[in-house]
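The values are calculated or read from the model by the stated rules, or taken from the named source; none is laboratory data. Here the structure is a predicted model, which means the values were calculated and not measured. Positions of Cβ are backbone-derived with ideal geometry, glycine not excepted, and every protein chain shown enters the neighbour counts. Side chains included, ligands, DNA and RNA excluded: accessible areas come from the protein's heavy atoms. Shrake-Rupley method; radii C 1.70, N 1.55, O 1.52, S 1.80 Å.
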Amino acid sequence: MEVYDKYETVIGLEVHVQLDTVSKAFCGDSTTFGAEPNTHVSSISLGHPGTLPKLNERQIEFAVRLGLALNCEISPVSYFDRKNYFYADLPKGYQITQDRLPICIGGYLPIWVDGKEKKVRIHHIHMEEDAGKSMHDDASPYSFIDLNRAGVPLLEVVTEPDLRSAEEVDAFMSGMRQLVQYLEVCDGNMEQGSMRCDCNVSVRLHGAEKYGERCEIKNLNSMRYAKRAIAYEVKRQIDLLEAGGSVEQQTLNFDPGTGITSPLRDKEDAHDYRYFPEPDLPPVVVSEEYVADVQANLATLPWVMLERLKTEFGLSDYDADILYGNKEVAQYFLDFTKVNQNYKACANLIINKINPYCQEHQLSIAAFPVAQKVLAQFIELIDSGKVASAMAYQRILPVMIEHPEKAPLAIAEELNLIQSTDTNFLEDLVNEVIAAHPDKVKAYQKGKKGLLGFFMGEVMKKSKGKAEPKSTNQLLRHKLEA
Amino acid sequence: MPRYSTLSSIQADLRAGTTSCVALVDHYLQQIEEHQQLNAYVEVFAAEARAKAKVLDDKYQSDASSVGRLFGAVISIKDVLCYEGHGVTAASKILEGFESLFSATAVERLLAEDAIIIGRTNCDEFAMGSTNESSYYGVTKNAADPSKVPGGSSGGSAVAVQADTCLFSLGTDTGGSVRQPAAFCGVIGLKPSYGRVSRYGLLAYGSSFDQIGVFSHSVEDAALCLEIMAGSDEFDASTSTKEVPAYSQMLQFDKKSKIAYLGTALHHPSLDPEVKAQCQACIEKLKAEGHEVEEIDFDLLDYIIPAYYVLTTAEASSNLSRYDGIRYGHRSQQAENLLETYQKSRTEGFGKEVKRRIMLGTFVLSAGYYDAYYSKAQKVRRLIQQKTFEIFESYDYILMPAAPGTAWDLGTQMDDPVAMYLADIFTVQANMVGIPGISLPLGKHSNGLPIGIQFMTNRFKEAKLLAFSNYFVNKIAPIEE
């Protein structure tokens, strides 16, 4: 193990964020995921002769949003370039991208690892279009091409080599996913390919100044794969160095089946992409007013939300962490606090019941059947002492979900769950219980105070759950200790 | 049937009832038939043109005010312009059998004004050439002398107008491909400013140079055609949003102008002495008419061609990448895998000149050569732009020969590409700068072939250029038919 401990892992990421625009980057084709292959295509996305790109302005707004959130400098003028290469899923034989001067420069994303904040520096963010999808079937001599994805707008976020472990990569990717969801620029779904990343991995001895030779692992579309790929690659590179060899700059593919990385191509036959200015698109000009406008309309950022939940609403780290993880849930909480000010109770209800229910039924949280106003009444019912909390959760809430139009109080009454604070009623019950258990009363009076619970239980049983616990408790103690 | 040289005379006869669209189409189809050996057309849409003519005649009969401004205009389009449901091949084998799913914006606008498209015309493959000899469909011949080239790359369109097989024709001009063949064939050839006419539906060669132009017998037809085609287009981000003036209504000219000519051009060693003499005679005549015509220095002339070929081939190498045999067009039957599909389809599909330019363009963009060639050429372009705009601070027009000489013999230039490239020396400047240029007939050489003279003006000043041109062909050098 010590051999591996001698080395430090250095990772830089290229994260591809597929933008949630209605149409593609340079034409009107739909970007909806999961359609029949080759149905979201047109003359433009097929690269037919005579077609030209038609800029979808939305992608610029999205890029500026992400750039502002990541503290990037927004380029007042940026350019599109062509990246030339041949592949069957690249209809024009070139990809429209930004090479010379991208739209966002610099910036950072804060991540938290082991409770400590780390700022991962961003090198730049550029806009580009996606390629189509190639499907290779071993049983067939042909490959299949789906061009639905060809031309879908992407942002590529390129980091500095600031990450030091697979855990940090995980934290970065989670942070990015959460951020793009908050900003509503991408659904952040890695499984559907909405977010993918290439990892540039190298190792060096601790304390070394120079970075080691790096390898790029392409197209990791799940965090699980990314972690395994990085672990494998780090070990491979250290083993190579320890055996007296050297790491060669390569582009690697990770096979999730075998867990092994293997070269796609090495430096010698690296592509010469022959970048040059895209003559069909004018420079992208972003005015100060435009940036100010996007800034003014920028959604609350996740880390700001987290802080707000803790300080403004006094939630525990645990509760706040759960609520801010998903923008919709956090927003649901914020809305909830407008109709009920018992923030802790609101958070509990969301965390323990509403969110799990929505996940189970695959509903967005906003679609929870019971209105927040009614849920607020539910919390008030408990807070007023009319219904025991456990009773409310177990018996009233299920009925509310079935009959969202019914008021919680009405349900409580129907189910006969209103707790009694009527002293006469309680006194009769308490007297009955004390009379029925003289030896236990003696034991209590001799110091076995734990028996109070037993008496409470007996009273509850007799009241069929309607005895209000606080008053009952007081009355019992008074009688027993008299 | 008379040989019409203006749409207005055709429309007068249509109104008088002495001709009809059907009669016009039949006339032009007969002309096409008679001049078949010139090989001006790649495809003739005979039945369709007749049917459309019938529809238009009926439309006119039922309501004379319902027809468009191009009622009676029978036109042709270069085989690099898309026309929905029709073949478009750029005169290349690689697009054999390909049909476009849409119409070029310019074509669509002409159709909306009731133009009848009679066919698509031959050209150099992917508009690369100055002779029309690189066409997959064989060379087009000059109607003035079928042993001569028509010029290129829009040679088919030039000959189509020259031989009276249509009223006017659309070509494209990347480095002179409208103006040079116009000069070789004795017709008018207009290249508008870059960004004036949408390139959507034009098969790209050099995207930052390409522009759709028009061949016609009259300035008024060129003006009307441009007026209809021009204007911003959401499908081409390089189009200007500048308003399009009614060029055809602005052809009156009664000013005294300041005209510059480049000494380096008029005294260029490649210039035919007789062409030079004709240009000089022209200059004297303009002076006699009260215009100021002055020789100016422009020492960048010899840098234009090299810079132009670096930049256009670079863009072309990328623009032509889409012709890969995967989605449409020619796919090699010999290919066993993806790489071979590319290699063999493109080897079989492209001709020699196109391959030469793809390789040149790929080279100048390659890592390690980019700065020496592409970057350098871009700097030269900016310098030429700047110097040219400076000229227009003091002058209204630049006068220039349209070509160094007259049409040369078929088959004499193809083996020496550099000599052929140098033939563009007087036309490329307009494309480098993005300004409009027009080639006007200037009589005949002693060898019997037409000569052309070119005028250029500042960007988006087509109205001024056309008005001057109209004056020129009426007062200075009347067109002999």
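At-a-glance table
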read-out	value
Inter-residue pairs, beta-carbon under 6 Å, first in contact (Cβ under 8 Å) with a residue 60 or more places away in the chain and in segment A:293-304, second open to solvent by less than 30 Å² (accessible area, probe 1.4 Å) and among the polar types (S, T, N, Q), 6+ apart	A:P302/A:Q178
Filter result (of a type outside the set (D, E, K, R) and either within 13 Å of chain A (Cβ to nearest Cβ) or not in a helix (DSSP H, G or I) (or both)) within segment B:337-348	B:N337, B:L338, B:L339, B:T341, B:Y342, B:Q343, B:S345
Some residue of segment A:384-399 being surrounded by fewer than 13 Cβ atoms within 10 Å (Cβ to Cβ), modelled with pLDDT under 95 and under 16 Å from A:E328 (Cα atoms)	no
Segment A:230-264: number of residues that are part of a helix (DSSP H, G or I) and either touching a residue at least 12 places away in the same chain (Cβ under 8 Å) or not assigned by TED's automatic domain parsing to the domain that holds A:E213 (or both)	11
Residue in segment B:138-145 that is in contact with a Ser or Thr (Cβ under 7 Å, 6 or more places away or on another chain) and open to solvent by 10 Å² or more (accessible area, probe 1.4 Å) present	no
Any hit, segment B:93-115, residues being touching a Gly at 6+ places or on another chain (Cβ under 7 Å), under 24 Å from B:L224 (Cα atoms) and acidic (D, E)	yes
Set A:L101, A:L154: member being out of contact with any Pro (no Cβ under 8 Å at 6 or more places or on another chain), part of a strand (DSSP E or B) and either surrounded by 21 or more Cβ atoms within 10 Å (Cβ to Cβ) or not assigned by TED's automatic domain parsing to the domain that holds A:D317 (or both)	A:L154
Test: residue in segment B:253-262 that is buried (at least 16 other Cβ atoms within 10 Å of the Cβ) and more than 16 Å from B:Y397 (Cα to Cα)	no
A:E380, sole failed condition from (1) among the charged types (D, E, K, R); (2) surrounded by 15 or more Cβ atoms within 10 Å (Cβ to Cβ); (3) over 26 Å from A:F336 (Cα atoms)	(3)
Flag for B:N132 being within 21 Å of B:P401 (Cβ to Cβ) and open to solvent by less than 10 Å² (accessible area, probe 1.4 Å)	yes
Yes/no for A:V17 being outside any loop (DSSP other than H, G, I, E, B), of a type in the set (A, V, I, L, M), in contact (Cβ under 8 Å) with a residue 60 or more places away in the chain and closer than 29 Å to A:L306 by Cβ	yes
Flag for A:L375 being touching a helix residue (DSSP H, G or I) at 6+ places or on another chain (Cβ under 9 Å), within 20 Å of A:K466 (Cβ to Cβ) and either in a helix (DSSP H, G or I) or of a type outside the set (S, T, N, Q) (or both)	no
Restricting segment A:169-201 to residues that are among the acidic types (D, E) and within 17 Å of A:Q59 (Cβ to Cβ), the residue that is farthest from the chain's Cα centre (by Cα)	A:E184
Test result for A:Y290, within 14 Å of chain B (Cβ to nearest Cβ), open to solvent by 30 Å² or more (accessible area, probe 1.4 Å) and in contact (Cβ under 8 Å) with a residue 40 or more places away in the chain	no
Segment B:95-116: number of residues that are within 7 Å of another protein chain (Cβ to nearest Cβ), buried (at least 18 other Cβ atoms within 10 Å of the Cβ) and among the aliphatic types (A, V, I, L, M)	2
Residue pairs meeting the criteria (Cβ under 6 Å; at least 6 apart or on separate chains; first farther than 17 Å from B:T165 by Cα, in segment B:1-21; second open to solvent by less than 40 Å² (accessible area, probe 1.4 Å))	B:Q11/B:G72; B:D13/B:T19; B:L14/B:G72
Total residues in segment B:77-107, condition out of contact with any helix residue (DSSP H, G or I) (no Cβ under 9 Å at 6 or more places or on another chain), more than 20 Å from B:A47 (Cα to Cα) and without any contact (Cβ under 8 Å) to a residue 60 or more places away in the chain	1
Count of residues meeting criterion [surrounded by 14 or more Cβ atoms within 10 Å (Cβ to Cβ) and within 15 Å of B:I398 (Cα to Cα)] in segment B:277-287	4
Among residues of segment A:179-196, those that are under 14 Å from A:R65 (Cα atoms), open to solvent by 10 Å² or more (accessible area, probe 1.4 Å) and not in a loop (DSSP other than H, G, I, E, B), counted	1
Subset of segment A:275-324 (residues that are more than 23 Å from A:A69 (Cα to Cα), outside the structural domain of A:N348 (by TED's automatic domain parsing) and of a type in the set (S, T, Y))	A:Y275
Enumeration of residues in segment A:56-73 that are open to solvent by 10 Å² or more (accessible area, probe 1.4 Å) and in a loop (DSSP other than H, G, I, E, B)	A:N56, A:E57, A:N71, A:C72
Qualifying residues in segment B:411-430 (those that are in contact with a Lys or Arg (Cβ under 7 Å, 6 or more places away or on another chain) and either aromatic (F, W, Y) or not in a loop (DSSP other than H, G, I, E, B) (or both)) - the one most open to solvent (accessible area, probe 1.4 Å)	B:P417
Tally, over segment B:342-358, of residues that are closer than 23 Å to A:H271 by Cα, surrounded by fewer than 20 Cβ atoms within 10 Å (Cβ to Cβ) and within 25 Å of the chain's Cα centre (by Cα)	2
Residues satisfying the stated conditions in segment B:393-410, i.e. open to solvent by 30 Å² or more (accessible area, probe 1.4 Å) and within 19 Å of the chain's Cα centre (by Cα)	B:W408
Residue match in segment B:57-75 (condition: touching a Gly at 6+ places or on another chain (Cβ under 8 Å) and in contact (Cβ under 8 Å) with a residue 40 or more places away in the chain)	no
Breaking point among (1) open to solvent by 50 Å² or more (accessible area, probe 1.4 Å); (2) within 14 Å of chain B (Cβ to nearest Cβ); (3) under 30 Å from A:K54 (Cα atoms), for A:R274	(1)
Qualifying residue in segment B:315-336 (condition: within 25 Å of B:H268 (Cβ to Cβ) and either within 13 Å of chain A (Cβ to nearest Cβ) or not hydroxyl-bearing (S, T, Y) (or both))	no
Residue list for segment A:29-55, restricted to those being within 14 Å of another protein chain (Cβ to nearest Cβ), in contact with a strand residue (DSSP E or B) (Cβ under 8 Å, 6 or more places away or on another chain), crowded, with 21+ Cβ neighbours inside 10 Å and closer than 19 Å to A:S194 by Cβ	A:D29
